[in-house]
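Readers should treat all values here as calculations from the given coordinates under stated rules, not as data from a laboratory. Worth saying up front: this structure is predicted, and the values here are computed from it rather than measured. Cβ sites come from the backbone with ideal geometry, for glycine too, and all protein chains shown count toward neighbours.
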Amino acid sequence: MIHEMHIAALEETKSMMDRVQSGEDSTGSLAQQVTSLELLENYRRFGNLCGRECQFLDFHHTSEDNEIFPTIAEKGGEGLKRVIARLSEEHAAVHQLLKTLAMNVVVLHADPGPENFARTRETFEVLYEAILSHFGYEQAELAEAIDYYGLL
Ligand SMILES: [Fe+2]
Ligand SMILES: [Fe+2]
């Protein structure tokens, strides 16, 4: 359920991103000199959504790291310990992406434009794929254990 909420928030950010993209496309080459107010506003909105979701995701992973993973690693067998080790590594990788994305967003806010947007978009897309794969693996491997140990 929590994963679905995060995916919905990422999708919302993604469609904001597409709106920015089509705004850039339709303003054409003149946009380099004159960025429309709407486009500026959309850069800002995309940055806000992105920044907010970064914080939520970080929060979600921190609570898994602190509460769910240690219990499962302690009580579970070798197989589950290996799963937890891999999930923790993925959290570390996602955390790096979140830090990069947060920096991209700060730069985009300070200087909204096609170049800074493209950089932010690139990081976001890598993060999006990483999250989908992480959530999928985590759900497939941990659903039973979480149920069994009554962790949620
Ligand atoms: Fe996780
Ligand atoms: Fe999770």
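A few remarks follow.
- For the chain, the dipole from Cβ point charges (+1 on Lys and Arg, -1 on Asp and Glu) about the Cα centre works out to 300 debye, to the nearest 20.
- Neighbour-count ranking [beta-carbon atoms within 10 angstrom, fewest first] of Ser36, Ser22: Ser22, Ser36
- By the count of other C-beta atoms within 10 Å, a proxy for reagent exposure, Leu152, Leu80, Leu40, Leu127 are ordered fewest to most as Leu152, Leu40, Leu80, Leu127.
- Relative contact order (%) - the chain, alpha-carbon pairs under 8 angstrom, separation at least six: 28 percent
- Among Arg82, Arg121, the order by Cβ neighbours within 10 angstrom, fewest to most, reads Arg82, Arg121.
- Computed over the chain, the ratio Rg/Rh where both radii use C-alpha atoms and Rh is Kirkwood: 1.10
- Proximal charge balance of Glu122 [Cβ under 14 Å; K/R count +1, D/E count -1]: 0
- Phi angles of the range 98-108 translate, via the Karplus equation with coefficients 6.51, -1.76, 1.60 and θ = phi - 60°, into HN-Hα couplings of 5, 5, 4, 5, 4, 5, 4, 5, 4, 5, 4 Hz per residue; Gly and Pro are given as x.
- Charge dipole of the chain about the Cα centre (unit charges at C-beta), most positive-ward option of His3, Asn116, Ile131: Asn116
- Projecting the Cα atoms of Gly76, Val94, Phe59 onto the dipole axis of the range 58-98, where Lys and Arg carry +1 and Asp and Glu carry -1 at the beta carbon, places Gly76 farthest toward the positive end.
- Radius 12 Å from Cβ of Ser133, net charge of other residues (Lys, Arg +1; Asp, Glu -1): -2
- Point-to-point label distance, Gln21-Gln96, nm (Cα→Cβ direction, 7 Å offset): 2.5 nm
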